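One structure below.
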Amino acid sequence: MIIKWRAAVGLMLSILVFTSTIPILTAVETTPQDVFEGPNVVVMSTVEADKPINSSVVSLIRGMNYTVSPEIFLFCVVDGMPVTVRGVDPVSFLKVEGASLLKGNVSGNTFVLIGSSFQRRSGLDVGDKIVIPGSASPSLYEGTITGVFVSGGPADDEILLPTDIIREMAGKPKGTYQVIRVLDGNITTISSALRNQNYTVAVGSGSHVTTTNTNMTYEETVAMNLMLRYSDEAAFKTTNASHMGIFAQRASSSVEVAVLGFIILDASLTFIGSFSILSRAIFDRRREIGILRAIGASNMKIRLIILRESVLLSSLSAFVALLAGFLVVNLVSSSGLIVVFGQTMRPVITLSMFFWMFAGMVLVSSMSGLFVTESIMRVSPSRLIAGFEVEKKPTEKADISEILGADI
Amino acid sequence: MSLDTDKKLALPSTGRFSGRHMLAYMLVLYLITLLIRWIPLFLSPLPYNIDGFSMAGVSDGIISSGHWSLNSSMYGIAYNQKTPFFPMLLSEFSLITGISPLYAEQYMLPFITASIPPFVFYFVSRFTRNITASVTAALFLAFNGLFSFLTGSIMKESLGLLLIPVGLYLYMGREDIRKRILLCLVLIFITFVHYRSTLMLQIFLILMLSWDTIRLFDAGKLRLRHLLMDIIGIPLIGFISLLYYFWVSMQDYYGKAFNINEMVLFLSVALIWFLIYIRFMKRSYSAGGKSLFRYIMDWKVIALVIALGAFLLNSRKLVFAGTINTSSALLATAVPYVILILFSLLGLSIMQRYRNKYLPMVAAIYVGTFVPITYSLVRGLDVFSQEILYRSYNFMDFATAISLGIGVTFLYAVLKRYFFTNESKQSLRVGIPAAFALFAAVVILLAATVPLGYDTVELFGVQNVTYEYEVSAIDWAKSANCTPVGTDQRLGDIMRDYNNVSHSKSVPWKLKYHKPVNSPFILLEDSWTTWGAQMHPSSPVKVQKAAFSSLINQRSVIFSSGHPDAPEGRIYILMG
């Protein structure tokens, strides 16, 4: 081996930074969707501000024998921690989320349920008092925690309250909801039923969103709401329901762009790190390369040797770094240490992510090795054997007018 | 092409250009710039961009009351009263010429701002003593569409962009006490011209001052008296400017930026860029042995790649929520601009590798402009951030112009060295066409950027031209006491800033999506069905012809003007 094995350690550490952050960054990007949707769930929301979804839509979908959870959100700070508070019908919600009660019970209309992750973070338990401030209107709710639930999803970071209380705190009209979630819903059947009954609603699952009884797409609604927000303040203030669309649009767009920015920054740092380590490792072996060339090894032969060793080292480093990175991320996140927007981050790790990160790292490292080799090849074997150093930069610069010429 | 040693490229000083030549160059540059800035007058005598209406409103107020006041309840008027220099100047001009401010300003402002390229020509020639670099730098500012738009439109920033190179020039000559005093006056004066220009000039000067202080300290030549004079004459005046903005409650309009959290974020970003600037200035480079490719493709190119990446990303996905995607027309028009930036990167690399006096200034302008740009990106990707970004970007143009001048001159020097020194026929046969091709390419590229300033409808989805019949309609609506009026964003803002007519700007959305339009009066144009109604910062809203006609048929048309051949078609006021 021309390149020393210890370079693999440096390479691995450099790649580890990348592999241990990408699953978390990806999780940050998918969190808003996970909070509002969930697996096997169809979500309905308001399209037009003057036609908010209400209890009659809930009755219609329930009549189709679906498990339906009508909900209202409140984003606030409890005990100094950002938390999502959801107004729900607890039985339907627990069914839709596939959740169960760990402690306590649900009784009457004054329940306060907290998710298991929130319980761990806050140290609160059944019987403790909790004070929840309103985020959209000046209000305060004080109650006693009646139960702790676990769902294995983002809801574990939330607090559940009766819908009527949250509706008042969110300043929503009576009988209205922000979203209605349907377990195992068929988007076509639901859209068709809503269309037949003349309801104007956005129905979505994943990236597929359709609207009923309106010529506006969901994106156009969001754009219109934003336009009203910025150009017609008075009209905007009269449309309470448009806040949710704006929040979702601004949050998801900003989060996606910011996450992309961090991924690029992360990749750049890893690239620079890997390049520096390999170039140092190869440069340290310039004498050996000089000897090989002096005894007759062709440039192509040297290139092939370096390429083979770079691929070997980077493959090994990338594989170990990927495994270690994913393991570290899983350990850290399972302990609930990474919390963003009041949500515990659940790292996204997929086989395709593993493959592309592995391939990318091997490619970048190998190319870096070849790039450095090309620079060394320009130096004669005798100078390489003598262990040449990079020439010191001149301290005194020539005046620019000597180069450009001066005619004034 | 490899450039080996300094000596190989060294060119002698010829002193071929005298003071008269210089004056002639400056005059020609002034006239070229003036003609380009007057292009909007071929379309309408009214101000090019709607900011001009609130300026004219402030000037009208000064003329009618005879004094400057700070008490208007109208949004645009109250905001522009706080930086009153331009409206005052406009009032004087209007009183002297007898032309109303609204019609005078599009003639007057270019007269002033057309002096920027000649001044930059003088500025660059003083430091480089090279005619090619000076002319190229000035031509960039004369032709560059984005800069033309800023200095040809009616906005306070136009005057700020004139004062910035003046301030930088005075700073570089501040050993002369007269220039130091003039610099202080410029810094006080610019406070009343434009707040963002004040901020940017302060950032540039503070960066340069910091570098000078570090350099002199390292060399053991730092004089406490000079340092105190610098601190009193630059950042202290900046602090007083800030106090003035607090006093006139500029934070009512820029409350977000005056918030303490935002200030801490801004200062943190500024500190990071300050450290980058010092690192940039301390780094030394060897001059020879580099190919042209390596001169351009060093680490600085990363900034260009990131900018282009963001630009392309915005064509597919909105980077700033609620704004407009980068249009394919803008992507195509930006190509010559990007090529010119590559020339500038070459020029900047040359400046880093050879001794010169202006690198600290050029670097300060580049780095200083990145402060608000970075701040806008980290504070949140909303409309306000987008405004900070695109309004800050063009302060970089001064540095780009100088770097471009150096880059082009360097290429010309290379050609001269290789083809013109022995004056053999064979060399000249290649050299003359090559030099001609170089300058022709630069001029063509510069000219190709002009549409960036004047094809704003196609490129940015913004109609900056206001026609006389549109203003007549708004004036008529006010005189007939039509209130409130529903319309689009452009006409709504003119009504708000100049006519003080109560209005709503959501009519195009309501028409497009068949919502009831409740305004008792509606001001609308035929162009809503063709190009669309302007809804800046969002994209234009195109209304269906059927919905448009139906609204006209349902209501009484109480005013109509324009003609079918006019670019905006007819304008209507509806009642009922």
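Annotations
- Cα Rg, Dmax, the stretch A:253-408, angstrom units: 22.6, 71
- Computed over the alpha-carbon pairs of the stretch B:468-575, the distance histogram in 10 Å steps reads 16, 55, 29, 1 percent, short to long.
- Overall, the ratio between the Cα radius of gyration of the stretch A:1-115 and 2.2 N^0.38 Å, rounded to two decimals, is 1.67.
- The stretch A:280-348 - Rg over Rh from alpha carbon coordinates, Kirkwood radius: 1.36
- Counting only alpha carbon atoms, the long axis of helix B:51-65 and the longest principal axis of chain B meet at about 70°.
- Of B:LYS82/B:LYS478; A:LYS397/B:LYS357; A:LYS397/B:LYS282; B:LYS221/B:LYS282, pairs whose Cα-Cα distance is over 20 Å: B:LYS82/B:LYS478
- Two numbers describe the Cα atoms of the stretch B:36-107: Rg and Dmax, which are 12.0, 37 Å.
- In percent, rounded to a whole number, the relative contact order of chain B is 17, using alpha-carbon pairs under 8 Å and six or more apart.
- Computed 3J(HN,Hα) for the stretch B:307-317, one whole-Hz value per residue from the Karplus formula 6.51 cos²θ - 1.76 cosθ + 1.60 where θ = phi - 60°, is 4, 5, x, 5, 4, 5, 4, 5, 6, 9, 9, glycine and proline marked x.
- Backbone amide hydrogens, once placed in the peptide plane, bring A:VAL201 within less than 5 Å of A:THR212, excluding anything fewer than 5 places away on its chain.
- Loop GluC sites (Glu not before Pro), the stretch A:315-392 (other Cβ atoms within 10 Å of the site Cβ: 10 or fewer; DSSP): A:GLU389, A:GLU391
- Dipole magnitude (debye, nearest 20) for chain B, charges at Cβ of Lys, Arg, Asp, Glu: 2160 debye
- Seen from every direction in turn and averaged, the convex hull around the alpha carbons of the stretch A:80-135 projects onto 4.4 nm².
- Evaluating 6.51 cos²θ - 1.76 cosθ + 1.60 at θ = phi - 60° for every residue in the stretch B:424-440, the Karplus couplings come out as 6, 4, 5, 5, 5, 4, 8, x, 5, x, 5, 5, 4, 4, 4, 5, 5 Hz, glycine and proline recorded as x.
- Between 0 and 90°, nearest 10: helix B:85-97 axis offset from chain B longest Cα axis: 70 degrees
- Each principal axis of the Cα cloud of the stretch A:319-398 was evaluated for its coordinate range; sorted largest first, these ranges are 58, 32, 21 Å.
- Taking the stretch A:253-404 and dividing mean pair separation by its residue count, relative contact order in percent (alpha carbons under 8 Å, at least six apart): 41 percent
- Spatial separation of Cα centroids for the stretch B:330-387 and the stretch B:508-546, in angstrom: 38 Å
- Put the Cα centre of the stretch B:388-446 next to the Cα centre of the stretch B:47-93 and the gap is 43 Å.
- Scaled against 2.2 N^0.38 Å for its residue count N, the alpha carbon radius of gyration of the stretch A:38-205 is 1.03.
- A:ASP399 long-range amide H proximity, modeled H, under 5 Å: B:ARG355
- Spherically averaged projected area of chain A from its Cα convex hull (nm²): 31.3 nm²
- Two-decimal Rg to Rh for the stretch B:330-397 - Kirkwood Rh, Cα set: 1.05
- Applying Stokes-Einstein at 25 °C and 0.890 mPa s to the Kirkwood radius of the stretch B:147-271, computed over alpha-carbon pairs, gives a translational diffusion coefficient of 156 µm² s⁻¹.
- Placing unit charges on the Cβ atoms of the charged side chains and taking the dipole of the stretch B:468-575 about its Cα centre, the candidate lying farthest along the positive direction among B:LEU491, B:ALA546, B:SER561 is B:ALA546.
- Inter-centroid distance (Cα atoms) of the stretch A:133-211 relative to the stretch A:267-331, Å: 53 Å
- 3J(HN,Hα) couplings calculated from phi for the stretch A:319-335 with the Karplus curve 6.51 cos²θ - 1.76 cosθ + 1.60 (θ = phi - 60°) are, in sequence order, 5, 5, 5, 5, 4, 5, x, 5, 5, 4, 4, 5, 5, 5, 6, 5, 7 Hz; Gly and Pro show x.
- Dimensionless Rg over Rh [chain B; C-alpha; Kirkwood]: 0.99
- Projecting the Cα atoms of B:LEU267, B:ALA437, B:GLY52 onto the charge dipole of chain B, computed from C-beta unit charges around the Cα centre, puts B:ALA437 farthest toward the positive end.
- Cα-projected label distance for B:MET297 with B:ALA332, points at 7 Å along beta-carbon direction, nm: 2.9 nm
- Of the residues B:TYR295, B:GLN463, B:LEU43, the one whose Cα sits farthest towards the positive end of the charge dipole of chain B is B:TYR295 (charges of +1 on Lys and Arg Cβ, -1 on Asp and Glu Cβ, taken about the Cα centre).
- Chain B: angle of helix B:101-113 to the longest principal axis, Cα-based, in degrees nearest 10: 10 degrees
- Among A:ILE24, A:ILE15, A:ILE264: highest mean-square fluctuation, GNM of chain A, C-alpha pairs under 10 Å: A:ILE264
- Pairwise FRET efficiency - B:LEU304 versus A:THR350, Cβ, R0 = 35 Å, nearest 0.05: 0.55
- Scaling the Cα radius of gyration of the stretch B:113-164 by the globular reference 2.2 N^0.38 Å produces a ratio of 1.13.
- Calculated SAXS-style log₁₀ I(q)/I(0) at q = 0.15 Å⁻¹ - the stretch A:126-197, Debye, Cα scatterers: -0.74
- Rounded to the nearest 20 debye, the dipole magnitude of the stretch B:463-543 is 420 debye, with +1 charges on Lys and Arg beta carbons, -1 on Asp and Glu beta carbons, and the Cα centre as origin.
- Principal axis extents of the C-alpha atoms in the protein assembly as shown (largest first, rounded to whole Å): 96, 87, 57.
- Assuming charge only on the beta carbon of Lys and Arg (+1) and of Asp and Glu (-1), the dipole of the protein assembly as shown about its Cα centre is about 3460 debye to the nearest 20.
- Amide H within-cut-off set for A:VAL78, under 5 Å, with H built and near neighbours excluded: A:VAL83
- Modelled label reach - B:ALA437, point 7 Å along Cα→Cβ, the stretch B:337-371 residues with backbone N closer than 15 Å: none
Since every read-out is calculated from the coordinates, none of them should be taken as a lab result. None of these values were measured; they are calculated from a predicted model. Glycine also receives a Cβ, built like all others from the backbone with ideal geometry; neighbour counts cover every protein chain displayed.
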